Amino acid sequence: MAHPRISAQLPPHLDPTKAPVAFGRRALPKLNEELQAAELLTRQRALMALCDLVHDPENAYEAVRIGFLDNLKKLLLDENSTVRRKTTEVLYIMATHNIGRTSFIEHEVIPALAQLLNDPIDICRWNMHYALKLMSELPAGAVALVDSGLVPSLVFKLATELEEVQELLLETLVGCLRVEAFEALATGAVRILKEKLGHSSLGIRSRAAQALMAISVPLEGKNMLLEEGVFPELVFLLDDEDAEVRASAAGALMNAAVTTQGKYAALNADAIDALLPLLSDDRTKVRLYAVKALTMLAEAPEGRKALLLHVPAFRERLDDSSEAVRRAAQIAVQVIEWKP
């Protein structure tokens, strides 16, 4: 005979680590109240539930509207590591939405996140840097990062951070350097990035090459590449197995060879011999930067003399599938065949 019994176990669809979510419009306001609770467990469970909700951009928008960001900024300094970890997770999820990134600028979330640069918990720092990386992908976000004065600290942290965090750091720096490179140059970024070019991690050396390409745009950056003797390392990377690394190395040489000193530094590093094979590279970006870098070197008499023998290789690019490469090849032929 069956007997009715009440189980002591929770229903299988309920997670005891998360706060129960109120129905309808009351859901987010209730969680916002619980984030301010004095009880640690209440804050933790509210953050767990919030992590799930803010994947939806509508919930992220509503969270910003009712004032979640101010409370989350306070929780970044919570004594409990779980609270800090889940807070940074909520913030980086929100930063995947455009409303989140724009709101971070309006509510000055970037300086609040930067307080965790030296957090003892690895995952807290990873989450924080992932949020900053997402911000750097937005032009206004990159400007906000530069304006916050965070760039020198990011450069210094490259020397001590975990490898997986270094990748995020470098991606953030690339976005910042495209906006303004002078703070990074003043803190010795070129020397540190040069060391990263030979790293065994593809992600790190690829992003280091991208950062050097960005930092070599202003004249001060070109001069610093010359002073630090980066040209041999860049030439070596032209033979890298990864197309992005080859493209960034060629792009950095292209930028640095604008100056007369840069041209001769590249020539002395045998850049022509390393760049010529890239004219037929599978990747359009690699071919384009290689053609432009060789054009810069052809402006030096020694470079023009060496490249006269390879004009047919440039003429082949006149039928390239990319219009940009065709145009660059046409200019290259004109520069190489120019006669005084």
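The values are calculated or read from the model by the stated rules, or taken from the named source; none is laboratory data. Since we're looking at a predicted model, the values are computed, not measured. Every residue, glycine among them, receives a Cβ derived from its backbone with ideal geometry; neighbour counts consider all protein chains shown. These area figures cover heavy atoms from the full protein model, side chains too; ligands, DNA and RNA do not enter into them. Shrake-Rupley method; radii C 1.70, N 1.55, O 1.52, S 1.80 Å.
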(request) Compare the Cα positions of N268, A290, A324 along the charge dipole of region 251-340 (+1 at Cβ of Lys, Arg; -1 at Cβ of Asp, Glu; about the Cα centre) and return the one farthest towards the positive end. (result) A324
(request) Could you pull out which residues in region 64-89 have an amide N less than 11 Å from a spot 7 Å beyond the Cα of A38, following the Cα-Cβ vector? (result) none
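So how strong a dipole does region 126-177 carry about its Cα centre when Lys and Arg Cβ are +1 and Asp and Glu Cβ are -1, to the nearest 20 debye? Present the calculation step by step, with values, prior to reporting the outcome.
Details: 2 positive and 7 negative charges, 33 e Å.
Dipole of region 126-177, to the nearest 20 debye: 160 debye.
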(request) Would you list, by chain and number, the lysines whose Cα falls below 26 Å from the Cα of K73, excluding same-chain residues fewer than 8 positions away? (result) K18, K30, K86, K133, K157
(request) Kindly provide the pair-distance distribution of region 226-340 built from C-alpha pairs, with 5 Å bins from 0 and whole-percent values in order of increasing distance. (result) 2, 14, 26, 25, 20, 9, 3, 0
(request) Whenever you get a sec, line up V109, V143 from highest to lowest accessible area (probe 1.4 Å, protein heavy atoms). (result) V143, V109
(message) To test your reading of the geometry: what angle, between 0 and 90 degrees and rounded to tens, separates the Cα axis of helix 284-298 from the longest principal axis of the chain?
(response) 40 degrees
(request) Be a star and scan region 266-290 for residues whose amide nitrogen sits under 13 Å from the point 7 Å along the Cα-to-Cβ vector of I331. (result) 288-290
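Please compute one quarter of the surface area of the Cα convex hull for region 94-193 and express it in square nanometres. List each step's numbers first, then the result.
Working: hull surface 22.4 nm².
Quarter of the Cα hull surface area: 5.6 nm².
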(request) Please give the helix 243-256 orientation as an angle from the longest Cα principal axis of the chain, in degrees from 0 to 90, rounded to the nearest 10. (result) 60 degrees
(request) Please list the radius of gyration and Dmax for region 140-233, considering alpha-carbon atoms only, with Å as the unit. (result) 12.0, 35
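Rg to Rh ratio, region 19-143, alpha-carbon atoms and Kirkwood radius? Spell out each step's value before the answer.
Working: Rg = 13.4 Å, Rh = 14.3 Å.
Reported Rg/Rh, Kirkwood definition of Rh: 0.94.
If R0 is 30 Å, what FRET efficiency do you get for T187 and T102 from their C-beta distance, rounded to 0.05? Could you put the intermediate results ahead of the total?
Working: r = 29 Å, r/R0 = 0.95.
Between T187 and T102 the formula returns 0.55.
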(message) For a test of the definition: using alpha carbon positions, the gyration tensor, and the 1.5 limit on a/c, classify region 71-112 as rounded, prolate or oblate.
(response) oblate
(message) Between K30 and E164, what's the calculated FRET efficiency when r is the beta-carbon distance and R0 is 35 Å? Round to 0.05.
(response) 0.50
(request) With runs of 4+ DSSP H residues as the only contributors, calculate the mean residue ellipticity of the chain at 222 nm using -39,500 (n - 2.57) per run, divided by the residue total and rounded to the nearest 500. (result) -19500 deg cm²/dmol
(message) Below 20 Å, Cα to Cα, which lysines can K339 reach? Residues fewer than 8 away in the same chain don't count.
(response) K263, K292, K305
(message) Relative to 2.2 N^0.38 Å, what does the C-alpha radius of gyration of the chain come to as a ratio? Two decimals please.
(response) 1.29
(message) Per residue, how much accessible surface does region 68-128 expose to a 1.4 Å probe? Answer in Å², no decimals.
(response) 40 Å²
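Roughly speaking, to the nearest percent, how much of the chain's 1.4 Å accessible area is carbon and sulfur?
Details: 8750 of 16460 Å².
Carbon and sulfur together cover 53 percent of it.
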